[in-house]
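To start, the structure itself, in structure tokens.
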Amino acid sequence: MDLFTMEFFQRALIGGALIAVTAPLMGLFLVLRRLAMIGDTLSHVSIAGVALGFLVGVYPIAVGLLFAVAASFVIEKLRKTYRTYAELSLAIIMSGGVALASILFTLGKGFNLDPNSYWFGSIYTLDDADLLVIAAVTAIVLAVVGLNRKALFLLSFDEDAAAVGGLPVRFFNVMISILTALVISAAIKIVGALLVSALLTVPAACSLALSRSFKQAVAIVVIVGEAAVLAGLWIAGVWNLAPGGTVVLLLILLLIASLTVRTRMARV
Amino acid sequence: MTAVQTVPAITETQLNCHPEIIALDRVSFSFGNKPVLSDLSFRIRERDFVGLIGPNGAGKSTLLRLIVGLLKPDAGSIELFGKPADRFKDRHFIGYVPQRSNFNPLFPATVREVVLSGLYGRKKLFRGLSREDQARCDDALRAMHIEDLGDKRIGALSGGQQQRVFLARALISGPKLLILDEPMSGVDAETQANFFHLIRHLHQKHVITFLMVSHDMEMVRSYLGREPKETAGKLSFYVRHSHETEDCAETDLLHTIRKEG
């Protein structure tokens, strides 16, 4: 049987290919701003929204998105309160999200609700609406990042200099959080809430090891993301493995390869 | 590169005619109930070189943040180029050299990308980089003698080279005020001396006003004199005005660096 002619697999490839551009791209900015854990936090909160969506009968991804956006505002607020301990705000919000999700999932036991498909992803069940959401998110993220690439670079490199230069730093911080929330909500069905943050952070880790310029860094995160997602889906399909887990393990293999290449380069 | 022109010596009246770049009027600021600055008044005129000296915790960084509008004073007023600091719009007038320790050495960016980011003010945010921007970057690199390092990753440079990169970034927009926040920290004495030499040259040959925060007394005193012009709490302000310069008719700020259009 040929996997590639099956519609569910084609959908998975399209959805995966789109997310493999936006998730690593946003992840790069997050990692550079030392907010690598924000992806994990937002995805856990988003899951609570997904559960609520099921309970009240609203498109779950949309409710998840709303939750993630709300959480990103709260994080920004807490980040200001605990200036030097930014990661504290992430830990608090993350546990809050998981707690809420677990209660909502328990309430929804009578319904036809499968928590596993959101914690671990269910890329083979993408429907037209999901693909449409993913495509829209990809378009929005690429447009906004493309237009604001200078500001995003400056903000990631030196927030103080950006502020002295008159950049509305808070506005951009919130913008990054909202874009991240968008990407995560769209990515949850693909790799699952537990593994989303790997798709955000591991490509960035590879690119930090390999790239010399910012341009290269952007190119490398997208290449690594695409390679891992497309190859991962194919391998998972052929050997009947969990797609999300396969993608993430491939990402980690790519990271090990990048680090090896870097050591080689350093020796030359 | 450019012809040196002679200019008549500056008289006392002309000196006083220099516009005020920074004016602090009875400024007070506190974090919570811990006062950091109280009732501070100070004026910085065009072409002054102000060394702001004080021990850690004396409020140096707070004062800088107030001046550039990152913080708001509890009382008093701060003016930049004659306008209230919080409503000051011509941000490209200010060049800012941060503490070197604030940046991550693993950051993936070339020297060129970092220097060009000095042009990413609010005005041209959405536009791409023009050929003129690239030329200005070449000039800034050349002026700092780091033209060979343009394609190197910023983290791969030595501390002294990084300082020059940050200075190039601050100078690329042709600033009228250069703010340096502890630029000498974390580099060896010889590198410090070279860097200070460069700064001194900029002060003497260009229409740039300097505000430098430092806890290194020696370097500052050797240029700005033994006695502070003013003290406030634990902060001391050392000032030297530069106008005995020979080529001050030169209007281009960095000889060759093009002015912000």
* Of all the helices (runs of 4 or more DSSP H) wholly in region B:49-147, which have at least 1 residues that are modelled with pLDDT of 90 or more and closer than 25 Å to A:Ala217 by Cα? -> B:111-116, B:131-143
* To do: Within region B:171-183, identify whether any single residue is within 14 Å of another protein chain (Cβ to nearest Cβ), within 17 Å of B:Leu52 (Cβ to Cβ) and open to solvent by 10 Å² or more (accessible area, probe 1.4 Å), and answer yes or no.
  => yes
* To do: Check A:Val98, A:Val69, A:Val58 and return the single one that is within 27 Å of A:Asp127 (Cα to Cα), out of contact with any helix residue (DSSP H, G or I) (no Cβ under 7 Å at 6 or more places or on another chain) and either among the hydrophobic types (A, V, I, L, M, F, W, C) or surrounded by 16 or more Cβ atoms within 10 Å (Cβ to Cβ) (or both).
  => A:Val58
* Selection count, region B:55-82, where residues are in contact with a Lys or Arg (Cβ under 9 Å, 6 or more places away or on another chain), surrounded by fewer than 22 Cβ atoms within 10 Å (Cβ to Cβ) and either within 13 Å of chain A (Cβ to nearest Cβ) or of a type in the set (A, V, I, L, M) (or both) -> 4
* Asked: With respect to A:Phe120, is the statement that it is more than 19 Å from the chain's Cα centre (by Cα), more than 14 Å from chain B (Cβ to nearest Cβ) and touching a residue at least 12 places away in the same chain (Cβ under 8 Å) true?
  -> no
* **Members of region A:62-96 found to be more than 20 Å from the chain's Cα centre (by Cα), part of a helix (DSSP H, G or I) and of a type in the set (Ser, Thr, Tyr), listed by number** => A:Thr81, A:Thr84, A:Tyr85
* **Residues (small (Gly, Ala, Ser) and assigned to a loop (DSSP other than H, G, I, E, B)) located in region A:241-263** => A:Ala242
* **region A:120-149, subset under 16 Å from A:Gly53 (Cβ atoms) and either in contact with a Pro (Cβ under 7 Å, 6 or more places away or on another chain) or open to solvent by less than 40 Å² (accessible area, probe 1.4 Å) (or both), residue modelled with the highest pLDDT** => A:Asp130
* Given the residues B:Phe210, B:Phe196, which is the only one that is surrounded by 19 or more Cβ atoms within 10 Å (Cβ to Cβ) and assigned to a helix (DSSP H, G or I)? -> B:Phe196
* For region A:156-169, does any single residue satisfy the condition of being outside any helix (DSSP H, G or I), open to solvent by 20 Å² or more (accessible area, probe 1.4 Å), within 11 Å of another protein chain (Cβ to nearest Cβ) and in contact with a helix residue (DSSP H, G or I) (Cβ under 6 Å, 6 or more places away or on another chain)? -> yes
* Given (1) open to solvent by less than 40 Å² (accessible area, probe 1.4 Å); (2) modelled with pLDDT of 70 or more; (3) closer than 22 Å to B:Ile22 by Cα; (4) not in a strand (DSSP E or B), number of the condition B:Cys248 does not satisfy -> (2)
* Residues in region A:128-155 that are more than 14 Å from every other protein chain (Cβ to nearest Cβ) and free of Cβ contacts under 8 Å to residues at least 12 places away in the same chain: how many? -> 4
* Go through region A:192-212 and give me each residue that's in a loop (DSSP other than H, G, I, E, B), crowded, with 19+ Cβ neighbours inside 10 Å and within 12 Å of another protein chain (Cβ to nearest Cβ). => A:Ser211
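The values are calculated or read from the model by the stated rules, or taken from the named source; none is laboratory data. What you see is a predicted model; the values in this text were computed from it and never measured. A quick note on method: Cβ atoms are made from the backbone with ideal geometry, for glycine too, and the neighbour counts reach across all protein chains shown. Remember, those area values only see protein heavy atoms, side chains included, never the ligands or the DNA or RNA. Shrake-Rupley method; radii C 1.70, N 1.55, O 1.52, S 1.80 Å.
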